[in-house]
1. For the stretch 132-180 and the stretch 210-239, compute the distance between their C-alpha centroids and round to whole Å.
2. Would you kindly state how much longer the chain becomes between GLU252 and THR4 on full extension, computed as 0.36 nm times their sequence separation minus their alpha carbon distance, in nm to one decimal?
3. Please report the net charge: other residues with Cβ closer than 13 Å to the Cβ of LEU251, K and R +1, D and E -1.
4. Using modelled amide H (1.01 Å from N, peptide plane; none on Pro or chain starts), what sits under 5 Å from the amide H of ARG392, excluding residues fewer than 5 places away?
5. Return one number: the angle in degrees, 0 to 90 and rounded to the nearest 10, between the long axis of the Cα atoms of helix 202-214 and the longest principal axis of the Cα atoms of the chain.
6. If you take every DSSP beta bridge fully contained in the chain, what fraction is antiparallel? Give it as a percent rounded to 5.
7. Please work out the Cα center distance from the stretch 114-130 to the stretch 304-323, rounded to the nearest Å.
8. How do 96-109, 174-187 rank on mean C-beta neighbours within 10 Å, highest first?
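Each value in this text was obtained by applying a stated rule to the coordinates, not by laboratory testing. Only a predicted model underlies this, so the values are computations on that prediction, with no experimental measurement involved. Neighbour counts are summed over all protein chains in view; Cβ atoms, including those assigned to glycine, are modelled from backbone coordinates with ideal geometry.
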Amino acid sequence: MQETHSIIITARRLFDGLGLAVVEDAAVVIRGDRIHWVGTAADVPEEPTEQRIELGDVTLLPGLIDMHNHLRIIHGQGNLPQQMRDPDVPYVLHALRHLEMNLRAGVTAMKTNGDRAFIDVQMREAIRSGLARGPRLFVAGKGIKSSGCTGGVVATAICDGPDAIRQAVRENVEAGVDFIKIFATGTILGPREEVLRPSYCSEEIQAAAEAAHAANRLIVAHCHGGPAADACIQAGVDILEHGSLLSHDQLEEMAERGTWLCVTLAVWMHPHGDMAERLKRPLAAEIHRRIDEIQAAMAEAIRAGVRIVVGTDAVHGALAFEVQALERLGASRAEALRAATSQAGAALGCLGELGVIRPGAFADLIAVQGNPLTSLHSLNRVIRVMQRGQVRWSVRQDPTAAE
């Protein structure tokens, strides 16, 4: 039997995705696609190795996990519905470019929240087989929404009523999706009462949750708040996506039940987000008020102790921005880092395998210049990305790299 290859990686410091401090003068031993040993460079076990990688004055972290993204669409180019209607070849080529953008930003795993014709399922398999490069994918297939939903350009399973929803869940499961995505509310822009108007009633949300869990799949819901959020929490939806206008009581209940919240602020606040151009128009004051409301709700979620993960929602390569936004809203740097590493791994049901540097975990690692527990801007300076024990991307260390 052929022996599994071993690699030793050393770095000035290491954040394992779990702890409150970094390991100084750190070393990681990798065997095959898994981490075998973690500790200090002085204590590395004496064993045969095929390769030793000395990274110097950098920090090793678990590969980042983007918990809300999409393959084709990208903010900053506008007209998202038209992007979703691209012919197949440009659609896939755009997706491949976006996957590369995220990988180079240190994202080694990504949850894609809805696509057309199960292209995401096919792309997941292409990456697994080595035919394509990109983060390992967790895919939703066809997003499920009602015929009256005012949002959800990525949703391609349009159905109403519990029976039709159950059938849509079954179709997704048979296609091999990793989780189910429903749209419980619609657009975030407009009067508050319209934003919080449910797209599905409580019986429909319950039907979707029961069908997903019966098939041993997670279920996530695009939900900004209001009665739909109450229904999602009561039905046992695993992750609320966005949660833009959740109330104090809803956040308290989410914290008590352990419901996950995926925070997505880049679409509102990043220079390449969906709102960047809109903020230059006459209705900018209204959008600024909504941004303030959203930030207040997310800050309240942090204070309430809600379990938080982060996603870029098609602002590709901007996960560092999301992590930094959590700190500005009151999270500690360690809490913000965990949201994109160990917390995300746990939310995906991969606790101990993804988002951590520990024996037995996948060897998905990144190296960044600086110390992220001193400044989260270190995440903007990714110099090496390793996935399944293989280097996927690296650059020559540049101390003058922009923050």
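1. 13
2. That pair, GLU252 and THR4, stretches by 84.5 nm at full extension.
3. Spelling it out: positives minus negatives among the neighbours equals -3.
4. VAL385, MET386, GLN387
5. Once rounded, one gets 30 degrees.
6. 45
7. When both Cα centres are located, 22 Å separates them.
8. 174-187, 96-109
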